[in-house]
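So the structure is just underneath, and the comments pick up after that.
Just so it is clear, none of the values below were taken in a lab; they were calculated from the coordinates. Quick caveat, the model's predicted, so the values are computed rather than measured. Note: ideal-geometry Cβ built from the backbone for every residue, glycine included; neighbour counts use all protein chains shown.
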Amino acid sequence: MRVPATTLLLLLGGLAGSLALEAPALARTSFDVIFDSGIAGTSFYNTGVKGKMSFDFRKDPGNGNTYTLDLGVTNTSPASGASSGTLVGFAFNEPLLGNGSEAISLLSYNPLSSGYGRVFGNSNRGIRVNPQESLDISNLRTAPYAPFSNFDFCARMSSRSGCHGGSGSTGITGGSSVKVQFSLKSNDASISTADQVAERFYGLFNSFEPGDRWSKAQIALRFQNVKKANGKTESGGEKVTGAAFWRIPNEGPTNEVPGPLPILGAAATFGWSRKIRRRIQAVTPEGRLTP
């Protein structure tokens, strides 16, 4: 007997709902932020360069309110040609409490062997951090990053011209990845697990929509030596913000418990695809958001 499509969808929906109710919740401590300057309204020049930042949180043993953030930075642009470029810097904000104070504070930064060793905040020329050497960042001022608002943290390769300026060519090329590491602490009594820390950062980074003011962006990448679609170099580089999505559990390390993984994975993918569609629909006549 052939089951009508509408009936089948209802049956599958009911099954998904029952599985979700019966299975334990998934503790999600990892997510990715995707950057695609080809999506109008997320970048300054709409050149097509792309990147990814992978956030992985874990609780430090023996200390109730401190955590480690392992951060991966990837240039997903082509290695050469149109829409290629070197990824020279990254910046992001900390989640806040309702009164404007930090819900989660960054304590220290270790560039490891990434090359992202110039940290901006206290000095326009940046503070140089040697590889494998942690820098206390708890007293840094915010880092200017025009056309965005200031960011709580910004690191770049080589350039001394600040987070938003300079023409430094040193960076990771298309297809390359590096890792850096942070220590952080929770200042909010309601945050006591790594997945709650991840949730706060996820919500913060996922708040920007195309058409929003640049000041609302909470995370950004900077590219130099950028090739436009016509093959010419964009002298201004590229500044682009992104949006977070939960990593499908089998794609990377997570602190997970058993659950209906295919259903949860599909839900995460569907949510991201809807955001992409909204961004594509938000294309302006000029192809980018006017600063």
Taking 198-204, 125-131 and ranking on average Cβ neighbours within 10 Å, highest first, one gets 198-204, 125-131
Protection proxy ranking of 63-75, 97-109, 215-227 - average other beta-carbon atoms within 10 Å, highest first: 215-227, 63-75, 97-109
Charge context of Ala103, other residues only, Cβ under 13 angstrom, K/R +1, D/E -1: -3
I want to check the label-to-label distance for Ser235 and Lys216. Put each point 7 Å from Cα in the C-beta direction and report it in nm to one decimal. 3.3
At 0.36 nm per residue, and after removing the present C-alpha to C-alpha distance, how many nm does the segment from Gln132 to Ser149 gain when stretched out fully? 3.2 nm
Cross-link list Lys50/Lys185; Lys50/Lys232; Lys59/Lys239: which exceed 27 angstrom alpha carbon to alpha carbon? Lys50/Lys185; Lys59/Lys239
